[in-house]
Amino acid sequence: MRKMQETIVKGKRIFIGLEDAKRTWKLCVRSEGMVVHEASMPGEYEVLRSYLHKKYPECTITIMYEAGFHRFWLHDLLTADGIECIVTPPNKVTQAKDDRVKTDRRDARRLAKNLETGDYVSCHVPNRKRREDRQTA
């Protein structure tokens with residue numbers, strides 16, 4: 001019996017839309033114009049990090065999520081690990097006019113597609129010191 005291959009794509013550019021909630025994250029992974037994987041996982045950075053290293057070795061990874069619940073700590077961790085991260089304002093994310101149903105899975109798909117096509121606006125991410133200064137003021 002052959003062992004199931006763990007790697008989905010190797011050495012390619014991939015785009016990930018991440019829809020975050022308090023306990024779980026939904027991911028949609030795109031590469032070369034198509035969805036290559038969708039996943040749901042606990043909302044813990046180490047789980048995400050392990051998933052990315054295991055499934056996407058040698059890939060150039062870009063992740064986009066909407067500003068809000070997690071603010072910028074996720075951005076800090078991703079960029080520290082060498083992963084490009086885009087934070088976008090929720091009110092600037094484009095979607096099809098006929099797409100009125102909102103689910104986390106659909107949101108992750110929309111984020112990944114917008115990221116891959118370049119159809120997004122990014123937030124300015126202040127450095128950690130500036131964010132801490134704002135919280136104490």
Number of positions in region 6-52 that are in contact with a Phe, Trp or Tyr (Cβ under 6 Å, 6 or more places away or on another chain) and farther than 19 Å from residue 86 by Cα = 1
Strands (runs of 3 or more DSSP E) wholly in region 33-118 with at least 2 residues that are surrounded by fewer than 17 Cβ atoms within 10 Å (Cβ to Cβ), modelled with pLDDT of 90 or more and among the hydrophobic types (A, V, I, L, M, F, W, C) - which ones?
-> 34-42
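The values are calculated or read from the model by the stated rules, or taken from the named source; none is laboratory data. Source: prediction; values computed, not measured. With ideal geometry, Cβ positions are generated from the backbone for all residues, glycine too; neighbour counts draw on all protein chains shown.
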